[in-house]
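Read-outs: derived from the displayed coordinates by stated rules, not from any lab. Here the structure is a predicted model, which is why all the values come from computation and not from measurement. Using ideal geometry, Cβ is built from the backbone for each residue, glycine included, and neighbour counts are taken over all protein chains shown.
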Amino acid sequence: MLIKKIKNILSMPFKNDKFFHNYQKFFNHSSSGYILSFHDLSPETFESHIQALSPAKPIKLNELIERYKNGKTTKDCFAITFDDGVKKTVLENWKICKKNKWPVTFYLPTDYINGDNLPFQKIELLNHYLEEGSFDLPILIKDKKKLLKKKLLIRYLYNIIYKENDLVVKSLLDHFINFIPEKFKKSMPSPISWREIKEINKSVYSSFQSHGVSHTACSTLSESRLKDELIESKNIIEQNLNDKVNSFCYPYGSSKTISKLSEKLVSEIYENATTLIRGKLKNSRLHYLPRIDLYEDNTNALARLKVALS
Ligand SMILES: [Zn+2]
């Protein structure tokens with residue numbers, strides 16, 4: 001709460017168009033392009049964030065990266081990306097992009113699109129609907145199998161998705177999901193369907209790229225399992241859309257979840273890859289590209305502050 005207040009006070013001057021533009025000019029900040037990262041947010045907030053960044057304009061992710069790669073200017077250019085493929089988010093925000101002719105890239109985790117909810121969606125469901133009590137872990141994880149109270153269990157699960165591989169995470173989460181009555185399971189966010197993806201993909205303004213198969217932290221996977229994830233997700237999207245997939249978005253995207261090996265393997269299969277490490281396109285490696293993350297509760301002024309300080 002306090003941090004939010006401080007951020008809002010710091011961002012106050014950025015409410016003013018002139019202040020934002022002069023700040024960028026003075027520090028020569030508008031000379032580097034950047035990639036925006038969105039998750040679940042309302043179309044109203046999304047549209048006003050993009051408009052607040054004017055005169056910078058969205059261009060295609062591929063075009064932005066090509067320009068950057070070839071040493072051409074990316075001044076006042078940015079790319080829009082949305083992660084995770086949640087139906088409501090994709091459909092509503094695609095409408096805004098289509099109306100404004102804003103190019104957008106959607107990163108899809110293919111298991112989710114094919115029907116298995118994302119790990120953090122399952123934890124949110126457990127947090128909501130799991131009854132209070134003590135819980136045993138179904139498997140021994142690093143000598144841990146003791147009883148956990150619900151609150152501790154939820155914290156433990158949130159922690160483990162960054163540390164354990166997909167098989168451990170899935171078996172653990174699905175074990176607890178079994179305690180939840182069927183009718184509540186439907187409250188987890190639905191994924192966008194392949195039929196809808198194909199329809200949106202007909203437009204020149206949209207692109208669908210890979211966010212892995214199981215939305216697992218790359219650093220937790222063995223070389224062969226990570227390779228499978230990278231190749232399989234690419235193949236599934238390419239086969240469904242008959243279009244080339246050349247970009248990968250690291251699930252969770254923090255430096256801890258991206259090992260040196262992940263970056264190496266990704267660079268063998270994809271032309272570029274995006275993280276959730278904040279920054280602009282400046283001295284960035286093509287398979288470790290920074291992004292600037294914006295959320296529903298960010299004011300336009302805070303969105304500008306984030307861009308100005310990145
Ligand atoms: Zn994600």
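Quick notes on this structure:
- Each principal axis of the Cα cloud of segment 35-76 was taken in turn, and the coordinate range along them, longest first, works out to 35, 21, 10 Å.
- Low-density loop cleavage sites - trypsin sites (Lys or Arg not before Pro) in segment 146-216, where at most 13 other Cβ are within 10 Å (DSSP): 146, 186, 202
- Averaging the sequence gap over all C-alpha pairs within less than 8 Å and six or more residues apart, then dividing by the number of residues, gives segment 16-141 a relative contact order of 25 percent.
- Normalised contact order of the chain, rounded percent, pairs of Cα under 8 Å and 6 or more residues apart: 23 percent
- Mean residue ellipticity (222 nm) of the chain, computed from DSSP H runs ≥ 4 via -39,500 (n - 2.57), nearest 500: -13500 deg cm²/dmol
- Calculated translational diffusion coefficient of segment 50-188 (20 °C, 1.002 mPa s; Stokes-Einstein with Kirkwood radius over alpha-carbon pairs) equals 118 µm²/s.
- The base-10 log of I(q)/I(0) for segment 119-185, evaluated at q = 0.13, 0.23 Å⁻¹, reads -0.31, -1.03 [Debye formula, identical scatterers on Cα atoms, solvent excluded].
- Remark: 23, 112 ranked as 23, 112, counting other beta-carbon atoms within 10 Å and listing the fewest first.
- By the beta-carbon count within 10 Å of each Cβ, the least crowded to most crowded order of 304, 278, fewest first, is 278, 304.
- Length gained when the stretch residue 238-residue 15 is fully extended (0.36 nm per residue, less Cα-Cα span): 76.1 nm
- Nearest-ten-degree value, helix 223-241 long axis tilted from longest Cα axis of the chain: 60 degrees
- If both residues of a DSSP beta bridge must be in the chain, then about 15% of such bridges are antiparallel.
- Equivalent-ellipsoid semi-axes for segment 174-310 (Cα gyration tensor, √(5λ), whole Å, largest first): 25, 22, 19.
- Modelled FRET efficiency - R0 25 Å, residue 203 with residue 223, Cβ distances, 0.05 increments: 0.10
- Ordering 199, 47 from the fewest to the most neighbouring beta carbons within 10 Å gives 199, 47.
- Cα principal axis extents for the chain, largest first, Å: 57, 46, 36
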